[in-house]
Structure formats: structure tokens, C-alpha cells
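What follows is calculated from the coordinates using simple rules that are stated; it is not laboratory data. From a predicted model like this one, the values you see are computed outputs, not experimental measurements. Here Cβ is always computed from backbone atoms with ideal geometry, including for glycine, and neighbour counts include all displayed protein chains.
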Amino acid sequence: MKPYIYITRKLPEEAIAPIRQKYEVKMWDHDDVPVPKDILLAEIKQADALLTMVSDTIDEKVLNEANNLKIVANCAVGYDNIDLTAAAKNRVIICNTPDVLTDTTADLTFALLMAVSRRVVEAAEFIKKGQWKSWSPFLLAGQDIHHKTLGIVGMGKIGEAVAKRASGFEMNLLYHNRTRKPEIEQKLGTVYCSFEDLIKKADFVVCLAPLTDETQNMFNREVFQKMKHSAIFVNASRGPVVDEQALYEALVTGEIAGAGLDVFEKEPIDDGHPLLELSNVVALPHIGSASVETRTAMINLCIANIEAVLEGKLPLTMVKKNSKICTNSK
Ligand code: GLV
């Protein structure tokens, strides 16, 4: 019998075709709706491998249903949707998709920063609505980016790629990270500082830290109160690192000037989410790595990891068992 691979979203057939000869492959047949829990629970009982999305919760209850499961290949660099302890207990290897998405996610992060500071979305809506009646010196005037101070919270590979982009804008670069990165300090002139110092000094605070017990709600009321009134906050990591109510209050009261958000506490967000009503917020539906090239590379990497494990080899990008994750998200 061929090993069985279950994929939790409908992916382009051409991505899957090369493995159909060797494996039995089934996909959830929607690309815009996640697989329902009962179907996932039924499929995991039979699967040798799962290819999952960031929107699937692979918790202890799900993993305990597995009988033959050897690998979960998560189509994302983040893996806070997966219970690593339960995976280890069930002897299931977890893989993610680092590296292939670094530049694409950094591009989007920088695009958010630029869109908020130069009011690009507001201005585009303004002209489309026919509101442009006259040129005026301060019409939709935003804030400069060049020569300002960027504070990066979470200096992983994406953080470094954002710093590289920022150095082209001749920005001053501060960062905060669990561990210091002397090589990046040397290469890009980034300056390590405490979280407290970073939030006080930065004109742009960009969060790229993974969701862990330590980072959950790290951007709370007190933190926004300490930022400059002109500060712009960008979150391209995970929604639960931010207390959204506190962010809303900070934006409404003018404690900070704007926010660019690619991720939210609960995704997808509900209609009428208060942050969407604010003109100083640019919100995106979690599309950090969403270029056709990169999403294709991520799917291919997931497939390569699955093939390796099913052939008894080491996968290319395995998540370490003791990696830090958030234990009470989702
Ligand atoms: C997306 O959010 C990812 O973790 O790759």
C-alpha cells in the first residue's frame, strides 16, 4: 500500500502531480476555507504525513488520533499552531518553511511600514473616491522614513532582511532579541538595546518576534504609552503578541501615530473589527509570504520534507523539539 499524505488545503494540482505516483495524496477541496475539525480528525487517523497550513490547529487532541503519522509539514515558518510536546510524545516530526520566505516577508513588512508612514492606502482611496479637488502643500502629508530610527523586535532572518532594506533608506537601526547578534551588528550597523529603550527611541517599531509564552501580549497598554507619539507600529509576526484593545486605544488617543498590521489576534478577523475603522491603520490579511514564487517554494519544501521522512531520511527543515512556542494560544 502506498503511504498516505493528507493536505489540508486545495493546492495547485501541478504542485502535487509529481508525488502522486509514489504516494496516495488527498487534499481538502477548498482553498478558501480551512478543513473542518471532524474531517481533520478522521484523516489524521490514516495519514502517514500531513501538509498543514498556519490556520490549522494541530493540538494534542488532533495528534492523539494519529496511528501512522510520521510528519506534519507546516506551510509556514511559524509553528505556534502545532503542539510540539504532543508531537514529540506521538513521535511525529514537525517541519516548517524557513529561508524560502525570508525576503518576501521582509518586502511586505517594509511595504506596510512605508504604506502607513506615507499614507499610501488613504491617498489611493482619496483619489479613487474623486476627493482630489486641488493640490495642496500638506494634503495627505505623512512622515519621512529615511534617516529615521527603526526598532526591530525579533532579529531572526526576516528581521535581518528588514534591517538590510532599512539600511538602503539610511535609517538608524535598533534591535531587541532574546540573543544578541554581533555579526548582524557588524554587518548592518544595528545597535542592540533593551525592549524598554527600543520602544522609547524608535520612530518605527516593527515586530517580527515569534509567538511564545514570553512574547504573548508583549505590546500592551504600558508599552504603547512609552512609544513616541509619532511612532508607527508594524506587526508582521503573530497577532497575539499585541493586545489589540490597547493598540486601538493608543491609536485613538494619539499615543502613537499609526499601525501596519498583517496579523491579528483572531484570524480571520470579524466584520467591523474596530482597528479597521481607523484611517491610520493599514491592515492586510496575513499575506507576509504571499508571492506566487514564494508560496510555490514553500509548498515544494513541504513536499520535499514529507518525501524525505517517508523514505526514512532526515527532512530538510525540521523544527527542534524544544523550540519555544506559545503553550496557550489557540
Ligand atoms: C506565516 O505567518 C509564516 O509563519 O510563515
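According to the Kirkwood expression over distinct Cα-Cα pairs, how big is the hydrodynamic radius of the range 157-225, in Å?
12.9
Through the Karplus equation 6.51 cos²θ - 1.76 cosθ + 1.60, θ set to phi - 60°, convert the phi angles of the range 9-16 into ³J(HN,Hα) values in whole Hz; use x for Gly and Pro.
Per-residue couplings from phi come out as 9, 6, 10, x, 4, 5, 6, 9 Hz.
Per residue of the chain, what 222 nm ellipticity follows from adding -39500 (n - 2.57) for every DSSP H run with n ≥ 4, rounded to the nearest 500?
-10000 deg cm²/dmol
Based on the mean of other Cβ atoms within 10 Å per residue, sort peptides 48-60, 301-313 so the most packed one is first.
Per-residue Cβ counts within 10 Å, averaged per peptide and sorted highest first, yield 48-60, 301-313.
Once you treat every alpha carbon in the chain as an equal point and sum by Debye, what is log10 I(q)/I(0) at q = 0.11 Å⁻¹?
-0.75
Report, to the nearest 10°, how far helix 37-46 tilts away from the longest principal axis of the Cα atoms in the chain, using its own Cα long axis and a range of 0 to 90°.
For helix 37-46, the angle is close to 40 degrees.
Can you give the Kirkwood hydrodynamic radius of the range 102-283 from its Cα pairs, in Å with one decimal?
It is 16.6 Å.
Across the range 267-276, in residue order, what do the Karplus-derived ³J(HN,Hα) couplings come to in whole Hz, using 6.51 cos²θ - 1.76 cosθ + 1.60 with θ = phi - 60° and x for Gly and Pro?
10, x, 6, 6, 4, x, 4, x, 5, 6
Over what distance in Å are the Cα centres of the range 198-257 and the range 82-141 separated?
One Cα centre to the other: 15 Å.
What's the magnitude of the charge dipole for the range 102-283 around its Cα centre, counting Lys and Arg as +1 and Asp and Glu as -1 at the beta-carbon? Answer in Debye, nearest 20.
With Lys and Arg at +1 and Asp and Glu at -1, about 620 debye.
Please list the non-local residues whose amide H lies under 5 Å from the amide H of VAL234, H modeled 1.01 Å from N, same-chain partners needing a gap of 5 or more.
VAL205, VAL206, CYS207, GLY260
Any idea what the alpha-carbon Rg over 2.2 N^0.38 Å comes to for the range 1-153?
This ratio for the range 1-153 stands at 1.50.
Kindly rank 66-73, 316-323 from highest to lowest mean number of other beta carbons found within 10 Å of each residue.
Per-residue mean Cβ counts within 10 Å order the peptides as 66-73, 316-323.
Give a quick list of chymotrypsin sites (Phe, Trp or Tyr not before Pro) in the range 93-166 that DSSP marks as loop, anything other than H, G, I, E or B, with at most 13 other Cβ atoms within 10 Å.
TRP132, TRP135, PHE138
With the convex hull built on the Cα atoms of the range 177-330, state its orientation-averaged projected area in nm².
Average of the hull's projected areas for the range 177-330 equals 11.6 nm².
Name the residues whose placed amide hydrogens come within less than 5 Å of the amide hydrogen of ARG178, ignoring near sequence neighbours (fewer than 5 apart) on the same chain.
MET155
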